[in-house]
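This report refers to the structure that appears directly beneath it.
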Amino acid sequence: MDLTKLEEKTGYAFRNRELLETALTHSSYANEFSRRKGEIGFNERLEFLGDAVLELVTSEFIFETHSDMPEGSMSKLRASLVCEPSLAYCARDIGLGEYLRLGRGEDMTGGRNRDSILSDAFEAVIGAIYLDGGLQEAGKFVRNMALAKLDDARLFKDSKTYLQEITQNEFRCMPEYILIGEEGPAHMKTFTVELRIAGKKFAVGSGTSKKGAEQEAARKAIRILTERSGNNVSEKH
């Protein structure tokens, strides 16, 4: 597997490429192929390490950029930034899913696009960068690949509510969410939702639940609307 393009997207070139390969290896792959290829490492330990690095860097970032924010609000903001949907969004932004090593069953049931797998892999990559290049390089990756998307990440908690406010003010109507697709077995479904505003198709979102798909569609619609108007979403919160 050629990981050069992924390294270009992350902005970090590994000295020990095996660390990155391990970060991209799901336990399902290791369990399936270890019998034939010998013991294969997977990313859960790197995920554990990356989670700690992510929390430290995010805490420092919030402390530096929100000098008047009380501790309770800082904790809530950090939780929204390091939540599973936010990290999965960041993972998709660099195309992490296409590089994952998954077992056949996990791959066939949509594992490459599952929030839990993507967010875990993203944290594992942070852990791998930390081991390979130290805290400074890991912190740079977190800031550039996750915290730079602060506005997007904050939308995951309330995107549907905020979009409703926009559509009521600008279009005098409510957004409409229409389920247009379901894939996968009952316990691992992927839902696709079409968002319409004033009867017109505006955005499409996917997720492992209907609510998640609706949130994703709403987030995309907010981004489209704010770019059209030249407004910054974070200023409206």
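The values are calculated or read from the model by the stated rules, or taken from the named source; none is laboratory data. Please read these numbers as outputs of a predicted model, since none were measured by experiment. Reconstructed Cβ throughout: ideal geometry from the backbone, glycine too, with neighbour counts over all protein chains shown.
Before moving on, here are some points about what is shown:
- Matching option when the condition is of a type in the set (Gly, Ala, Ser) and assigned to a loop (DSSP other than H, G, I, E, B), among SER80, SER59, SER67: SER67
- Filter pass, SER34 being of a type in the set (Ser, Thr, Tyr), more than 18 Å from the chain's Cα centre (by Cα) and at pLDDT 90 or above: no
- For the range 153-165, the tally of residues that are surrounded by 15 or more Cβ atoms within 10 Å (Cβ to Cβ), more than 14 Å from LEU77 (Cβ to Cβ) and modelled with pLDDT under 85 stands at 3.
- Filter result for GLY111 (among the small types (Gly, Ala, Ser), out of contact with any Pro (no Cβ under 8 Å at 6 or more places or on another chain) and either touching a residue at least 60 places away in the same chain (Cβ under 8 Å) or within 18 Å of GLU183 (Cβ to Cβ) (or both)): yes
- Selection status of GLY41, surrounded by fewer than 22 Cβ atoms within 10 Å (Cβ to Cβ), part of a helix (DSSP H, G or I) and either without any contact (Cβ under 8 Å) to a residue 40 or more places away in the chain or touching a strand residue (DSSP E or B) at 6+ places or on another chain (Cβ under 8 Å) (or both): no
- Against the list (1) in contact (Cβ under 8 Å) with a residue 40 or more places away in the chain; (2) farther than 17 Å from ALA138 by Cα, the condition GLY11 fails is (2).
- Taken over the range 22-31, the criterion of being part of a helix (DSSP H, G or I) and at pLDDT 95 or above is satisfied by THR22, ALA23.
- Residue selection: LEU87 fails the criterion of being assigned to a helix (DSSP H, G or I), within 17 Å of GLU123 (Cα to Cα) and over 20 Å from the mean Cα position of the chain (by Cα).
- Those residues of the range 94-120 which are out of contact with any Gly (no Cβ under 8 Å at 6 or more places or on another chain), in a helix (DSSP H, G or I) and under 19 Å from ASP51 (Cβ atoms), in sequence order: LEU96, SER116, SER119, ASP120
- Qualifying residue in the range 144-156 (condition: among the small types (Gly, Ala, Ser), closer than 23 Å to LEU6 by Cα and in a helix (DSSP H, G or I)): yes
- Within the range 172-220, the set of residues being β-branched (Val, Ile, Thr), more than 16 Å from SER159 (Cβ to Cβ) and over 20 Å from the mean Cα position of the chain (by Cα) comprises ILE178, ILE180.
- Any hit, the range 88-108, residues being in contact with a helix residue (DSSP H, G or I) (Cβ under 6 Å, 6 or more places away or on another chain), surrounded by fewer than 21 Cβ atoms within 10 Å (Cβ to Cβ) and over 21 Å from MET1 (Cα atoms): no
- Single unsatisfied condition, GLU71 versus (1) modelled with pLDDT of 90 or more; (2) more than 19 Å from ALA217 (Cβ to Cβ); (3) in contact with a helix residue (DSSP H, G or I) (Cβ under 6 Å, 6 or more places away or on another chain): (3)
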